[in-house]
Amino acid sequence: MKSINTQYIELPEAILQAKLAGDFELEKQLISYKLDNVALPFILRERLKLELHNIEDYSVCYPFTYQEAEVLLQQECPDKYKEGMLKLFTIRGDVAFKYINKEVHYEARIVENALIRCPELRNYSLSAESVLRTNNMMVMKEKGKKEADITLKATLKVLDKSLLGKRAFVNLPLVKETLGITDIKILSHSDNLISIDSPDTLMRTCQFEEVLKEDTTFSITFSYHIEANYKAICPNYDFFVEKEYEKYLTEVAPHIVFTPYLKELLKEIVGEEKSLYKKAQLIYTWITSNVKYSFMPYYSLLDCISEYAALNLKGDCGVYAILFITLCRMAGIPASWQSGWYVLPEEASSHDWAQVYLGSDIGWRPVDCSFGASSFKEDNTERQQYYFGNLDIYRMVANDSCLEPLTGKAGYRWDPVDNQVGEVDVDGVGLKHTQFDTVKEVISFIKKN
């Protein structure tokens, strides 16, 4: 698999200037010249190859001119949006832009971000999902646990007709034995399934292979039992880190990197605190109180996610998780990644969160910073703190780590961090997400208590 661990390396000056100006044709020419004519260090050569691979995604993630973005906002909020508000939203950092072809272009999900971040447009009523999370917290605290039996189906289809007749290799995410998940069963699958990872694989997938035809699909249906247990922890609790967990204190380029800025930020967050447990709580509380939720472009366009989150004070669930993991590791607290699907009885969506190790007496506990941040936004501090160490039954976990290789994957991944929807190689070349479609289906969701 082609690596992305060079992404944190800064681009050469001329290439960086062309990129920032959105002059991507010039950037391609500068990169191609260096690759073809200059004796480059291996690591810089790999960085330039990766940049060349990612260039076209900027136009996909930032498609709208200022005028087009204003039209979209006016259409979505005809009674609230006034001409010129977009400039204010831009200055405040509520919406994101890049230069594309030397002109300001706005993010593909500008409407969604404006609706959740701009008070002028925001709907203040609590969503049904918010009520569900509060009710879950209350039941978990009262009864101590919840259980469910869940059946899901993942399906992938290649859309790019130019690839018909070529051999595709597919990785689809598959539930693993972790976070109270047991009794995993494979119920059915498409005929092109060739192998399945063991249940304890860090980034578990099932693999498919077939020469593409018009009607080719790749799918798997599986079931599992999940039990979520509530854990209340004494505020004065502390612990020490055994040697076997020190591997969860290390950097993992390009996104879990201990930069000078993050080191200064960590000092500001934890101050003189010595307790590892209280440091972890301080980090969580700072992130969920200060970093605002925002839909993100492809992660392949973020050079160092932890630093991005701390500099821009915004991010989605995965950005939150990586910032938390990075700051915890810097503070001497073992932390790791977890992700898969957030599964409601009606639908499923991709979701990421973190795990933190709290010593031998407690072990690993889940931490959902994005759910904590939404709770803070709603002034629900009890629910904000609940998601430090506790979750719910609405989870399908496929990944117990990030930045891990996928079985059999050869080309660049469209999602370089983990795998929640699927990846495709055609003749060894990784496809972009625009070239294939994926579907998450909830076949059944049976609560047991």
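The values are calculated or read from the model by the stated rules, or taken from the named source; none is laboratory data. This structure is a prediction, so every number in the text was calculated from the model and none was measured. Here Cβ is always computed from backbone atoms with ideal geometry, including for glycine, and neighbour counts include all displayed protein chains.
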**Report entry** Yes/no for Ser162 being under 24 Å from Ile443 (Cβ atoms), small (Gly, Ala, Ser) and modelled with pLDDT of 95 or more
**Finding:** no
Requested in this report: List the number of the failed condition for Asp316; all other conditions in (1) in contact with a Pro (Cβ under 7 Å, 6 or more places away or on another chain); (2) closer than 23 Å to Asp379 by Cβ; (3) among the acidic types (Asp, Glu) hold.
Outcome: (1)
Query raised in the report: Does region 55-74 hold any residues that are in a helix (DSSP H, G or I), surrounded by 18 or more Cβ atoms within 10 Å (Cβ to Cβ) and either in contact with a strand residue (DSSP E or B) (Cβ under 9 Å, 6 or more places away or on another chain) or not hydrophobic (A, V, I, L, M, F, W, C) (or both), and which are they?
Result: Tyr58, Cys61, Ala69, Glu70
Requested in this report: With the condition kept exactly as written, say whether any residue in region 375-383 is within 19 Å of Ala232 (Cβ to Cβ), surrounded by 22 or more Cβ atoms within 10 Å (Cβ to Cβ) and assigned by TED's automatic domain parsing to the domain that holds Asp238.
Outcome: yes
Report summary line: Of Ile184, Ile220, Ile233, the only residue that is crowded, with 19+ Cβ neighbours inside 10 Å and β-branched (Val, Ile, Thr) is Ile220
Query raised in the report: What residue, among those in region 157-186 that are free of Cβ contacts under 8 Å to residues at least 60 places away in the same chain and more than 16 Å from Ile226 (Cβ to Cβ), is nearest to the chain's Cα centre (by Cα)?
Result: Ile186
Report summary line: The residue from Lys98, Lys102, Lys19 that alone is in contact with an Asp or Glu (Cβ under 9 Å, 6 or more places away or on another chain) and modelled with pLDDT under 95 is Lys102
Query - helices (runs of 4 or more DSSP H) within region 299-402 that include 2 or more residues among the aromatic types (Phe, Trp, Tyr) - result: 317-330, 369-377
Report summary line: Here the qualifying pairs (Cβ atoms under 7 Å; residues six or more apart or on different chains; first in region 231-255 and farther than 27 Å from Lys146 by Cα; second surrounded by fewer than 15 Cβ atoms within 10 Å (Cβ to Cβ) and small (Gly, Ala, Ser)) come out as Val241/Gly332; Glu242/Ser360; Leu249/Gly332
Query raised in the report: For residues in region 384-413 being at pLDDT 95 or above and among the basic types (Lys, Arg), which is surrounded by the most Cβ atoms within 10 Å (Cβ to Cβ)?
Result: Arg395
Query raised in the report: Within region 208-262, how many residues are of a type in the set (S, T, N, Q), part of a loop (DSSP other than H, G, I, E, B) and modelled with pLDDT of 95 or more?
Result: 4
Report task. Please state which one of Leu44, Leu16 is closer than 20 Å to Ala96 by Cβ and part of a helix (DSSP H, G or I). Result -> Leu16
Requested in this report: Of the conditions (1) at pLDDT below 95; (2) closer than 26 Å to Glu56 by Cβ; (3) assigned to a loop (DSSP other than H, G, I, E, B), Thr434 clears all except one; give me its number.
Outcome: (3)
Requested in this report: Within region 299-313, identify whether any single residue is in contact with a Cys (Cβ under 9 Å, 6 or more places away or on another chain) and over 21 Å from Arg395 (Cα atoms), and answer yes or no.
Outcome: yes
Query raised in the report: From the list Pro366, Pro345, which one is surrounded by 20 or more Cβ atoms within 10 Å (Cβ to Cβ) and within 25 Å of Ala128 (Cβ to Cβ)?
Result: Pro366
Report task. Could you tell me whether Lys49 is at positive phi and either exposed (fewer than 12 other Cβ atoms within 10 Å of the Cβ) or under 26 Å from the mean Cα position of the chain (by Cα) (or both)? Result -> no
Query - region 75-120: number of residues that are free of Cβ contacts under 8 Å to residues at least 40 places away in the same chain and part of a loop (DSSP other than H, G, I, E, B) - result: 9
Report task. With the checklist (1) farther than 23 Å from Glu107 by Cα; (2) under 31 Å from the mean Cα position of the chain (by Cα); (3) modelled with pLDDT of 95 or more; (4) surrounded by 14 or more Cβ atoms within 10 Å (Cβ to Cβ) in hand, flag the one item Lys34 doesn't pass. Result -> (2)
